[in-house]
1. With the crude spin-label approximation of a point 7 Å out along Cα→Cβ, what separation in nm comes out for Leu268 versus Asp478?
2. Between Gln266, Ser245, Ile302, whose Cα lies farthest towards the positive end of the dipole of the stretch 202-305 when Lys and Arg beta carbons carry +1 and Asp and Glu beta carbons carry -1, centred on the Cα centre?
3. Using Cα positions and a limit of under 21 Å, work out the lysines in reach of Lys23, with same-chain residues fewer than 8 apart set aside.
4. I'd like to compare 31-38, 524-531: which one has the highest average count of other Cβ atoms within 10 Å, and what's the full order after that?
5. Mind listing the phi-derived Karplus ³J(HN,Hα) values for the stretch 265-279, rounded to whole Hz, using 6.51, -1.76 and 1.60 with θ = phi - 60°, and x for any glycine or proline?
6. Report the label-to-label distance for Arg244 and Ser31 in nanometres (one decimal), using points 7 Å from each Cα along the Cα→Cβ vector.
7. Can you pull the three principal axis extents for the Cα set of the stretch 6-194, in Å, largest first?
8. Each residue of the stretch 479-486 in order: what ³J(HN,Hα) in whole Hz does its phi give by Karplus 6.51 cos²θ - 1.76 cosθ + 1.60, θ = phi - 60°, with x for Gly and Pro?
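Nothing in this text is a laboratory measurement; each read-out follows from the coordinates by a stated rule. What you see is a predicted model; the values in this text were computed from it and never measured. Quick reminder, even Gly has a Cβ in these numbers, built from the backbone with ideal geometry, and neighbours come from all protein chains shown.
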Amino acid sequence: MTTENIYGNLQGLKPNQLKQLQKLYHQRIRSDRLTTTELAERIAAISTDLKQPVCVYLNRRGQVIRVGVGTPRQTQIPPLELPRYGAERLSGIRCLATSLKSDAPSEACLTAMARQRLDALVMFSLTGGGVMRKGGGASGFIKDTYLAHLLPISENDTYWEVSSPQDLEDLAEQDFLDLVDSLEAEFSREFIAQDVSSQEDKVLLVGLMTAKMTEQKFQDSLQELALLVDSAGGKILATIEQKRSNPHPQTLVGAGKVEEIALQVQTLGANLVAFDRELSPAQVRNLELQFGVRVVDRTEVILDIFAQRAQSGAGKLQVELAQLEYMLPRLTGRGQAMSRLGGGIGTRGPGETKLETERRAIKKRITRLQQEVNQLQNHRSRLRQQRQQQEIPSVAIVGYTNAGKSTLINALTNAEVYAADKLFATLDPTTRRLTITDKNTSESRTILLTDTVGFIHELPPQLVDSFRATLEEVTEADAMLHVVDLSHPTWESQINSVKAILADMPLAPNIELIVFNKIDKADSEHLETAKNNYPQALFISAEKRLGLETLRSRLVNF
């Protein structure tokens, strides 16, 4: 007797009991019925004999596809094994479950129903007694019957509906397909009303606040993740937060929060979960098994934005290098099943697995890309030397992403550098000549302005390494123009983040001019604070062209 198709808690079960569970797979009912009285009583009899709950899962053809010992939560189908369905569809599976108590389905059972997006959950509460019939039938085991099903999301966040106790015979006569069709019609109407493009990711954001973080820093980081996801083209459906003293080593957040996120994934129709901190390969694997959808961390979102924004060959080259360096250590997250290098019987001999082949190919590609980046560095170094021989001073425009650097260089030089109200709108460095007339001497002076890639809090190390050719434009400049978005609520934190990244760069210019941008949108209190704390700074609006003459005058004296 094999028990591989019986799921849940099988400890202590007798061979005859396992055989009775196995026989349930031979049951089939009419496709338009939730259940039959015979099947319900058979399940109830087995559950009473085992003194444990039993769950039987059926498809829409009325075939039993899964039998488990335990509650719907303990026997639920893993997300990755469920049929593929959209937010406007149900999974095509229903569950017939027993309860040893005379209660309606618990919240844990209903949550399991929602996580699997079941067509329906039928709960039989048992009396604890009954009479077995000859041939395996039973009579008198079921006291009450409950029917639960999902609902389209309403304003009060009611995910499901549970009926009052019903008579088994009445339930068995209900038209199951009519119920499913009406439910899916409602889901479809809601899905269309949301007007969500099938091309964009529907995202749940997850933030974890640990004991080392302040509330303000946590909220700022979570808000920045939302901007990153929006810049990447995702639609944010909801944000979920948790406070823990330390991250959970297996899933980052606690088990209860994993359940909550999984429920939201199913009820909101999300196809991506984004976490506001770096995840280990094992954590990504564990979470994807729980959610049944893709899981990404903050670094991966940034890498995706960079991949979308890169226009030049150099930019694409550096993005690919960053992505491969991020991916390489995460290949091991696929598990030991893909590796034959662990040692022992059956692991020795010629050949290599797909994992080792893939790792080797990626390492070769990384080596080649690093060589090309080095060539790119040498090329840009020659260009800088040519500029230096002409004795033309250069100024690197640096700052937090979306501070208005590209808009500023456009306003000063009448260039057409791409600028947009998005994080990392431009990646490739752009150098433009700016000719300024000194009002005191009436002499013209030319300087070179270089627009650099935007910085961000905790810039991923892969990006710092891969974009070293771009960042060298900063280290080789004669001076820096540090642009700050004064309208951003965390502008002071952004200044510190930029300074921290610059501090890690060798030979960064000592001459720095801080320019507070977007003063037309800034809060008056922030404006006053900035003037007091940075008396040498300039205050402009690149978009409105306010304060640019003063800036040009300061640049003449650089």
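1. Label at Leu268, label at Asp478, 5.2 nm between them.
2. Ranked along the dipole, the leading option is Ser245.
3. The reachable lysines, counting only those whose Cα sits under 21 Å from Lys23, are Lys14, Lys51, Lys134.
4. The most tightly packed comes first, giving 31-38, 524-531.
5. 3J(HN,Hα) across the stretch 265-279, in whole Hz: 4, 6, 6, 9, x, 6, 10, 7, 10, 10, 9, 8, 5, 6, 9.
6. In this crude label model, Arg244 to Ser31 measures out at 4.4 nm.
7. The Cα atoms of the stretch 6-194 stretch 54, 33, 29 Å along their principal axes.
8. 7, 10, 10, 8, 8, 10, 7, 6
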